[in-house]
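Below: one structure, written as structure tokens.
The values are calculated or read from the model by the stated rules, or taken from the named source; none is laboratory data. Treat the numbers as computed from the prediction; the structure is a model and nothing was measured. In this analysis, Cβ positions are derived from the backbone assuming ideal geometry, glycine residues included, and neighbour counts consider all displayed protein chains. Accessible surface is based on the protein model in full, side chains and every heavy atom, while ligands, DNA and RNA are left aside. Shrake-Rupley method; radii C 1.70, N 1.55, O 1.52, S 1.80 Å.
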Amino acid sequence: MELTYESTYQAAAKVADSIAAHFSKHLEIASEAGEEDLATAPNARVVEKIIDVAFWASLRREEGIPIRISLAFLHPCQAGKPLLFAQRLPLDARTLTKLAPGVERAGIHVGVWHEGDNLYIWGTTLKLPNYCFVLDVPEPGLLVVKHRRIIGLGKFANVAMLRGDQVKMVDESSGLLPDTPDILSSLLGISATAVWNDPVNVLIQIAVSMRSHKRGGILLVVPSCTNHWKESIIHPLQYQVYPAFSGVADLIRQEGNNRNVTEIFWQNALRREVENITGLTAVDGATVINDKHELLTFGAKITRASWSTQIEQVLMMEPVVGGTPVLIHPSSIGGTRHLSAAQFVHDQKDAIALVASQDGYFTVFSWSEQAGLVQAHRIDILLL
């Protein structure tokens, strides 16, 4: 197929070749590995047009409400049991704007395919083949290119983010750096697991939920074998939980013991328990859980441990192409919330801190033995 199309959104043309190459590479590797149910790779022209149309549609409103929509490039025969329209619809901004209110719920994808040089909308689907090109429009002017993982729970693998004239391509190799936190490696697909209740997968769900309430917050994950973390918290604890709340932990332990309960039930129950915990991160102060996902306290005030020194710099990095690690003062990342989280990890080197900003940025603080300092990974591009 040779699609002739001139985009008016310049970022679409700028990134189309790189995105097309990403899908072509991964689908070729998966095919050689004997993987099945693989999607069709879009060429650069297809990518460019889908991005261009979606961008202009994202700036429109339907009955005063911004549109949210997810587009997937696949033939209906790859979609399981799709909802098919009797007549094909043109892929243009007007059509997407009118269609968006009916398909904005999570998990619903608008199917896009081609005939000759033309792209069209054929219906909707809940099922996607592996490595299917997906373009998500979560808010005006923001586009996220992603694909369905072969392994890994729920969360699609993000490929690129476009916001206005800003374009960021995810650098998968950044997960191979020394001392990379497990949550980042999993989001990049390097250490992903198909077990939905794997502890790292659960932490990813917590991060996504924590970011979604848009109030900002700090989540500290501390070892379950020690109480040394309390040396970096102001006492008394106003909202200490006793005994430790084990809603998430109990589900992780019980899954698999009851064969009469479906996996869907467990996933829904886990989602509720995750939201129960992450809602508390909106309370001023830090929420603390241990590595078993047991809730210990929330609204806790972080302080420098009596025996520690004041943190002066962190190694800041983002998993994007061209991203270069830089040494900066932690308050430069986002203010006092980030400074206190960095200080906590500086004191408690066996802990990690997840920090959500009200503006959507999300940072993971962890200790790097190799660098001998706290590292800050900004991962919001992977959580969109």
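A full extension of the chain between residue 65 and residue 24 corresponds to an added length of 11.2 nm, given 0.36 nm per residue minus the alpha carbon distance. If both residues of a DSSP beta bridge must be in the chain, then about 85% of such bridges are antiparallel. Whole-Hz Karplus values for the stretch 158-174 come out as 7, 10, 7, 10, 10, 9, x, 8, 8, 10, 10, 9, 5, 9, 5, 5, 5 Hz, taken residue by residue from phi with 6.51 cos²θ - 1.76 cosθ + 1.60 and θ = phi - 60°; glycine and proline positions read x. Taking 134, 355, 103 in turn, the Gaussian network model of the chain (Cα-Cα springs below 10 Å) assigns the largest fluctuation to 103.
For the options 59, 184, 162, a Gaussian network treatment of the chain with springs between C-alpha atoms closer than 10 Å singles out 59 as fluctuating the most.
Applying the Karplus relation 6.51 cos²θ - 1.76 cosθ + 1.60 with θ = phi - 60° to the stretch 82-94 yields 3J(HN,Hα) values of x, 8, 9, 7, 5, 10, 5, 10, x, 8, 8, 4, 5 Hz, where x marks Gly and Pro.
Applying the Karplus relation 6.51 cos²θ - 1.76 cosθ + 1.60 with θ = phi - 60° to the stretch 123-131 yields 3J(HN,Hα) values of x, 9, 8, 9, 10, 10, x, 5, 6 Hz, where x marks Gly and Pro. Placing +1 on the Cβ of every Lys and Arg and -1 on the Cβ of every Asp and Glu, with nothing else charged, gives the stretch 171-240 a dipole about its Cα centre of roughly 440 debye.
When only Cα pairs below 8 angstrom with a gap of at least 6 residues are kept, the chain shows a relative contact order of 13 percent. With the gyration tensor restricted to C-alpha atoms of the chain, the semi-axes of the equivalent ellipsoid amount to 39, 23, 19 Å, longest first. Among 175, 204, 141, which residue has its Cα furthest toward the positive end of the charge dipole of the stretch 93-227, with +1 on Lys/Arg Cβ and -1 on Asp/Glu Cβ? Going by the charge dipole, the pick is 141.
Legend: calculated FRET efficiency, residue 77 to residue 350, from the Cβ-Cβ distance at R0 = 56 Å, rounded to 0.05, equals 0.65. Basic side chains Lys and Arg get +1 at the Cβ, acidic Asp and Glu get -1 at the Cβ, and with that the dipole of the chain about its Cα centre reaches some 940 debye.
Which percent of the accessible heavy-atom area of the stretch 1-155 goes to carbon and sulfur, probe 1.4 angstrom? Whole-percent figure for carbon plus sulfur exposure: 49. The Kirkwood radius of the stretch 127-188, taken over pairs of alpha-carbon atoms, gives through the Stokes-Einstein law at 25 °C and 0.890 mPa s a diffusion coefficient of 191 µm² s⁻¹.
Run the dipole for the stretch 1-156 about the Cα centre, Lys and Arg Cβ at +1, Asp and Glu Cβ at -1, nothing else charged, and hand back the magnitude in debye, nearest 20. Here the stretch 1-156 has a charge dipole of around 520 debye. Of the residues 32, 273, the one with the largest accessible area comes first in the ranking 32, 273, computed with a 1.4 Å probe on protein heavy atoms. Extension gain, residue 328 to residue 238: 0.36 nm times the residue separation minus the Cα-Cα distance gives 29.2 nm.
Extension gain for residue 84-residue 33 works out to 15.1 nm (0.36 nm per residue, less the C-alpha to C-alpha distance).
Measuring how big the stretch 182-382 is from its alpha-carbon positions, Rg and Dmax come out at 16.6, 54 Å. Placing a label point 7 Å from the Cα of residue 228 along the Cα-to-Cβ direction, the residues of the stretch 346-379 with a backbone N closer than 19 Å are 346-354, 365-375.
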